[in-house]
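*Asks:* Below are the structure tokens for one structure; questions will follow.
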Amino acid sequence: MTERNTNQQTAIIRSSKAPTEEQRKRLAALLSKKYGHPVSLQWEMDPSLTDGFRMQVGDDVYDWSIEGRLQQFREKLDGLTPDSDNIMPLFKETLKNFTPDIYPEEVGTVLTVGDEIATVSGLEHATYGEILLFSSGVKGMVQDLKRGEIGCILFGSEEEISEGSIVRRTGKTAGIPVGDEFLGRVVDALGVPMDGKGEINAAGYRPIEMPAPEIIDRQPVNEPMETGLLAIDSKFPIGRGQRELIIGDRQTGKTAVALDTILNQKGKDVVCIYVAIGQKASSVAQLVENLTRRGAMEYTIVVNASASTPASMQYIAPYAGCALGEYFMYQGRDVLIVYDDLSKHAIAYRALSLLLERSPGREAYPGDVFYLHSRLLERSARLSDEKGGGSMTALPIVETQAGDVSAYIPTNIISITDGQIFLESSLFFSGQRPAVNVGLSVSRVGGAAQTKAMKKAAGAIRLDLAQYREMEVFTQFSSDLDEATKRQLTYGQGLMRLLRQPQYHPMAQHQQVITLVAALGHVMQNLTVDQIPGFQQLLMQTAEKEAASLCQRIDGGRLSDDDREEILRLAQGCMKNYLETLNTAEKCGD
């Protein structure tokens with residue numbers, strides 16, 4: 001039993017005229033029944049309340065004024081989510097049957113405000129994550145609970161809030177509107193459009209914080225989510241429902257990998273969500289332009305919490321994007337979500353935590369920073385068939401400093417995810433793009449997420465590249481090499497050149513498989529590194545023109561021994577034509 005229920009309390013009634021004796025008796029009986037003991041009544045004149053009254057008992061406020069009744073009616077209407085065809089009948093029915101209730105509304109007062117943080121007193125029953133409404137209309141979220149006061153992060157301008165401002169509980173947790181109409185749009189972390197294309201008609205509303213699917217509601221990750229990047233799909237396959245970290249220093253092509261993966265989902269019925277956290281507004285605008293130009297915005301949602309937005313918006317942005325993804329996942333659809341990037345997300349959370357006067361830990365991050373990302377990434381899953389069979393694949397991005405993968409945030413997220421793609425600066429600046437470091441990159445799902453065709457085609461590539469790298473290290477100090485070593489080096493250099501891929505050019509599965517079969521079959525052994533791209537282009541054109549049925553079988557995930565032999569014959573024929581073309585060009589040049 002709380003103190004307010006055991007001690008004598010006083011109810012303060014505010015209205016333009018004093019209540020009658022009959023009204024006093026009815027109110028006293030109502031309050032006595034609610035609080036379990038007699039409550040004394042005290043009337044105070046308030047000329048503004050000309051129609052109705054407002055009564056306060058401790059922190060509870062009973063609003064029977066015009067404003068209070070209108071607010072109740074608004075809340076009734078907010079609960080309506082009908083189709084446009086039957087909105088008017090429902091509206092009329094709600095209006096006809098609406099009867100205002102006297103219910104307690106807990107009201108608090110702002111003690112301090114500044115740096116996107118408000119300290120509030122009087123809301124003793126507020127819960128963590130609850131949305132508060134300030135008298136100016138600005139919303140905030142409860143983030144810190146202390147004895148006698150709470151800390152609240154703000155989602156609007158703090159200039160409209162001052163000490164002594166009134167704060168009300170809403171009883172709702174932070175959420176975001178969801179629906180199919182969000183496809184092709186750019187929104188902020190609260191779901192408000194930012195692209196100037198008008199309002200979005202939401203199909204529903206989801207809390208941004210939701211429990212992850214239980215183990216019983218999941219199924220194994222064994223269906224590929226192809227990136228279209230040969231260096232990744234052949235060695236570190238990603239499955240639908242997997243969480244694969246993209247990690248590397250600044251300016252090493254992390255966003256480019258994610259962007260190419262989004263472009264590769266065109267025509268595959270995959271919903272893509274890109275969450276920009278702490279990015280420059282110009283960078284996000286350029287990314288949206290690239291997606292639009294290549295027809296990818298049709299199936300993509302961009303959630304933008306740029307560097308100029310408050311830390312509170314950057315903090316909730318990935319959870320908002322995840323809630324949008326869950327809407328589609330629970331409809332049985334496949335979703336790809338990119339968090340770019342979670343190191344900036346952790347920095348925003350650290351700033352909020354320090355302003356809320358929480359104890360700093362390692363590198364000044366709060367102690368729950370691991371939970372910050374684990375409760376986000378655990379929501380990615382491949383649901384069981386009983387739950388619709390949808391999936392959400394997460395590609396979190398983390399920026400390292402000087403390649404230090406042992407720093408606090410990188411190690412946290414590495415331990416949460418199912419593998420990582422490590423992009424190395426030295427490879428990037430040497431022209432090897434995507435700059436995937438084979439030694440530090442891994443996919444813990446592995447071959448289970450590859451089609452049989454890709455698994456069969458890419459069988460030995462990692463071993464061949466490992467042998468090449470080892471041999472390259474030992475031979476860089478030697479000038480006298482035997483023929484076998486020279487051939488091995490040439491072969492390895494050719495493989496590395498094949499793994500280079502220009503941005504915005506993801507490869508279809510048949511292109512990847514044909515390239516791998518020809519390369520691992522040593523068909524390109526006698527070509528120089530500069531000649532390989534031209535031959536690869538000729539091979540792709542020839543295969544798609546003369547062996548269309550073969551390409552279809554590979555795209556279907558099949559590669560028989562006969563198909564393999566057909567690819568090698570095709571590649572050798574192309575090689576003969578390509579060498580003749582080169583010889584003719586040389587003679588003409590002479």
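The values are calculated or read from the model by the stated rules, or taken from the named source; none is laboratory data. As the structure is a prediction and not an experimental result, all values here were calculated from the model. Reconstructed Cβ throughout: ideal geometry from the backbone, glycine too, with neighbour counts over all protein chains shown. Protein only, heavy atoms only, side chains kept; ligands, DNA and RNA dropped before computing areas. Shrake-Rupley method; radii C 1.70, N 1.55, O 1.52, S 1.80 Å.
*Asks:* On the accessible surface of the chain, probed at 1.4 Å, how many percent belong to carbon and sulfur atoms?
*Replies:* Working: 14210 of 28190 Å².
Using a 1.4 Å probe with all protein chains present, the chain comes out at 50 percent carbon and sulfur.
*Asks:* Identify the GluC sites (Glu not before Pro) of region 275-374 meeting these criteria: DSSP loop state and at most 14 other C-beta atoms within 10 Å of the C-beta.
*Replies:* Glu357
*Asks:* Now for a separate question. Any chance you could look up the accessible area of Lys455 with a 1.4 Å probe, heavy atoms only, rounded to 10 Å²?
*Replies:* 100 Å²
*Asks:* Could you order Arg293, Arg500 by accessible surface area, starting with the largest, using a probe radius of 1.4 Å? Can you show the working numbers first?
*Replies:* Values: Arg293 150, Arg500 90 Å².
Order by accessible area, largest first: Arg293, Arg500.
*Asks:* Each residue of region 213-226 in turn: what ³J(HN,Hα) in whole Hz from Karplus with 6.51, -1.76, 1.60 and θ = phi - 60°, glycine and Pro shown as x?
*Replies:* Values, residue by residue: x, 6, 4, 5, 8, 10, 9, x, 8, 9, 10, x, 10, 6 Hz.
*Asks:* Within region 192-220, which residues have the backbone N less than 19 Å from the label spot 7 Å out from Asp385 along Cα→beta-carbon, could you tell me?
*Replies:* Under 19 Å, as judged by backbone N against the label point of Asp385, lie 215-220 of region 192-220.
*Asks:* Could you list the trypsin sites (Lys or Arg not before Pro) in region 153-239 that lie in coil according to DSSP, counting only those with at most 16 other Cβ atoms within 10 Å of their Cβ? Before the final figure, lay out each step's value.
*Replies:* Working: sites: Arg168, Arg169, Lys172, Arg185, Lys197, Arg218, Lys235; in loops: Arg185, Lys197, Lys235.
Sites meeting the loop and neighbour criteria: Lys197.
*Asks:* Continuing with this model, one more query. Protein chains only, probe 1.4 Å: how do Tyr578, Tyr504 rank by accessible area, largest first? Please report the intermediate quantities before stating the final value.
*Replies:* On the way: Tyr578 30, Tyr504 65 Å².
From most accessible down to least: Tyr504, Tyr578.
*Asks:* Moving to a separate point now. Give the separation of the Cα centroids, region 117-157 to region 519-539, in Å.
*Replies:* Region 117-157 and region 519-539 have Cα centres spaced 63 Å from each other.
*Asks:* What is the extension gain from Ala29 to Asp51, computed as 0.36 nm multiplied by their sequence separation minus the C-alpha to C-alpha distance, in nm to one decimal? Display every interim value, and only then the final one.
*Replies:* Working: separation 22, 0.36 × 22 = 7.92 nm, distance 2.23 nm.
So the extension gain works out to 5.7 nm.
*Asks:* Give the residues of region 200-243 whose amide nitrogen is closer than 19 Å to a point set 7 Å from the Cα of His505 in the direction of its Cβ.
*Replies:* 227-234
*Asks:* Below 8 Å, C-alpha to C-alpha, sequence gap of six or more: please give me the relative contact order for region 354-433 in percent. Show your work: numbers first, answer last.
*Replies:* Numbers: 43 pairs, mean separation 17.1, N = 80.
The normalised contact order for region 354-433 reaches 21 percent.
*Asks:* Using alpha carbons only, how many degrees (0 to 90, rounded to 10) separate the axis of helix 21-35 from the longest principal axis of the chain?
*Replies:* Approximately 40 degrees, to the nearest ten.
*Asks:* Would you calculate the convex hull of the Cα atoms in region 205-319 and tell me its volume per residue in Å³?
*Replies:* Working: hull volume 17.0 nm³, N = 115.
Convex hull volume per residue, Cα atoms: 148 Å³.
*Asks:* Another question about this same structure. Once you have the Cα-Cα distance between Ile166 and Val473, take 0.36 nm times their residue separation minus that, and quote the gain in nm to one decimal.
*Replies:* Roughly 103.6 nm would be gained on extension.
*Asks:* Turning to a different aspect of this structure: If you average 1/r over every pair of different alpha-carbon atoms in region 367-472 and take one over that average, what Kirkwood value in Å do you get? Walk me through the intermediate numbers first.
*Replies:* On the way: mean 1/r = 0.0608 Å⁻¹.
This gives a value of 16.4 Å.
*Asks:* Same structure again: Read phi for every residue in region 377-392 and hand back ³J(HN,Hα) as whole Hz from Karplus 6.51 cos²θ - 1.76 cosθ + 1.60, θ = phi - 60°, with x for Gly and Pro.
*Replies:* Values, residue by residue: 6, 5, 6, 7, 6, 10, 6, 5, 5, 5, 9, x, x, x, 8, 9 Hz.
*Asks:* Just subtract the alpha-carbon distance of Ile215 and Arg362 from 0.36 nm times their residue separation and send over the number in nm, one decimal. Write down the numbers at each step before the final one.
*Replies:* Numbers: separation 147, 0.36 × 147 = 52.92 nm, distance 3.19 nm.
Contour length minus the Cα-Cα distance gives 49.7 nm.
*Asks:* Please figure out what share of the DSSP beta bridges in the chain is antiparallel and state it in percent, rounded to the nearest 5. Show your work: numbers first, answer last.
*Replies:* Numbers: 48 of 85 bridges.
Given both bridge residues lie in the chain, the antiparallel proportion sits at roughly 55 percent.
*Asks:* If you don't mind, there's one more thing I want to ask. Compute the angle between helix 254-263 and the longest alpha-carbon principal axis of the chain, please, reported from 0 to 90 degrees and rounded to the nearest 10.
*Replies:* Roughly 90 degrees, rounded to the nearest 10.
*Asks:* I would also like to ask the following. At a probe size of 1.4 Å, how large is the accessible area of Arg444, to the nearest 10 Å²?
*Replies:* So the heavy atoms of Arg444 present about 130 Å² to solvent.
*Asks:* Determine, from the Cβ-Cβ distance of Ala460 and Leu579 and an R0 of 41 Å, the FRET efficiency 1/(1 + (r/R0)^6), rounded to the nearest 0.05.
*Replies:* Values: r = 26 Å, r/R0 = 0.63.
The formula returns an efficiency of 0.95 here.
*Asks:* What is the calculated FRET efficiency for Gln531 to Leu354, with r their C-beta to C-beta distance and R₀ = 41 Å, to the nearest 0.05?
*Replies:* Values: r = 57 Å, r/R0 = 1.39.
The computed FRET efficiency comes out at 0.10.
*Asks:* Another one. Quick one: if you stick a label point 7 Å off each Cα along the C-beta vector at His522 and Trp43, how many nm between them?
*Replies:* Reported label-point gap for His522 and Trp43 is 10.4 nm.
*Asks:* Say R0 is 22 Å: what FRET efficiency, to the nearest 0.05, do Leu538 and Asp562 get from their beta-carbon distance? Let's see the in-between values first.
*Replies:* Details: r = 23 Å, r/R0 = 1.04.
Plugging the Cβ-Cβ distance into 1/(1 + (r/R0)^6) gives 0.45.
*Asks:* Let me ask something else. Within region 355-382, whose backbone N sits under 15 Å from a point 7 Å along Cα→Cβ of Asp115?
*Replies:* 355-361, 364-366
*Asks:* Please work out the Cα convex hull volume for region 454-565 and give it in Å³ per residue.
*Replies:* Working: hull volume 13.0 nm³, N = 112.
Output value, Cα hull per residue: 116 Å³.
*Asks:* Out of [x] 31.1, 115; [y] 25.3, 82; [z] 26.5, 103, which label holds the value of Rg and Dmax of the Cα atoms in Å that was computed here?
*Replies:* Among [x] 31.1, 115; [y] 25.3, 82; [z] 26.5, 103, the one calculated here is [x].
*Asks:* Probe radius 1.4 Å, ligands and nucleic acids left out: which of Arg564, Arg569, Arg382, Arg147 has the largest accessible area, and how do the rest follow?
*Replies:* Numbers: Arg564 75, Arg569 145, Arg382 35, Arg147 235 Å².
The residues order as Arg147, Arg569, Arg564, Arg382, largest area first.
*Asks:* Using a 1.4 angstrom probe, figure out how much accessible area region 358-483 has per residue, in square angstrom, rounded to the nearest whole.
*Replies:* Values: 5910 Å² over 126 residues.
With all protein chains present, region 358-483 gives 47 Å² per residue.
*Asks:* Treating the beta-carbon of each Lys and Arg as +1 and of each Asp and Glu as -1, no other charges, what is the dipole magnitude of the chain about its Cα centre, to the nearest 20 debye?
*Replies:* Details: 61 positive and 77 negative charges, 119 e Å.
Dipole size: approximately 580 debye.
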